[in-house]
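Student: Pasting a structure below so you can have a look.
The values are calculated or read from the model by the stated rules, or taken from the named source; none is laboratory data. Since this is a predicted model, take the numbers as computed values, not measurements. Remember, those area values only see protein heavy atoms, side chains included, never the ligands or the DNA or RNA. Shrake-Rupley method; radii C 1.70, N 1.55, O 1.52, S 1.80 Å.
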Amino acid sequence: MATLQKSASFSLMGSLAASCLVLIALSVPGGAAVPIRSYCSLDEYDFQQPYITNYTFMLAKEASLADNNTDVRLIGKKLFRGVNMSEHCYLMKQVLNFTLEEVLLPQSDRFQPYMQEVVGFLTRLSNKLSQCHLESDGQHIHRNVQELKDTVKELGESGEIKAIGELDLLFMNLRNSCI
């Protein structure tokens, strides 16, 4: 009987603790997003699988051989201009989501056998970063990402090829910004 009471007591305390956490989360002023540091991170383990690293870099190399436009760089210093170091992971999350949705999925029939594995890997990273939000409005980040999107769209298919050719840079910047 005493064991049953202890079990019920612990269960009640667990429920109360969970309820308090929910109330705290709901009481964030104006329903604002949680602080950027809360969910804007990935595990180092995500980047330590040698086969996916090789596939990503091989896919990027194969696409860069088809890239005729060597004057344009999508993922470089310009992308990070005016962005605080603490916001880099959020920035890279935005680039990752654009690359997945607007570049890799439409081009998924190309660059086999690497494409399917790399898309799966990047989709898992995107899912892990899905709760990553900014405390501020992030206009400077959205402006930089929009410039990247506009450049890719201006270049058409060669912009998509360029974005695929820079998957190694996306990989390294996600790793450096989110771990």
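Student: Working with all protein chains in place, sort His133, His140 by solvent-accessible area computed with a 1.4 Å probe, largest first.
Tutor: From most accessible down to least: His133, His140.
Student: Oh, and also: Heavy atoms only, probe 1.4 angstrom, no DNA, RNA or ligands counted: give me Glu87, Glu160, Glu154, Glu62 ranked by accessible area, highest first.
Tutor: Glu154, Glu62, Glu160, Glu87
Student: Largest first, how would Ser130, Ser177 line up by accessible area (1.4 Å probe)?
Tutor: Ser130, Ser177
Student: In straight Cα distance, which lysines are under 18 Å from Lys77, not counting same-chain residues fewer than 8 positions off?
Tutor: By straight Cα distance, Lys77 reaches Lys93, Lys149, Lys162.
Student: With all protein chains present, how much of the accessible area of the range 132-179 (probe radius 1.4 Å) comes from carbon and sulfur, to the nearest whole percent?
Tutor: 42
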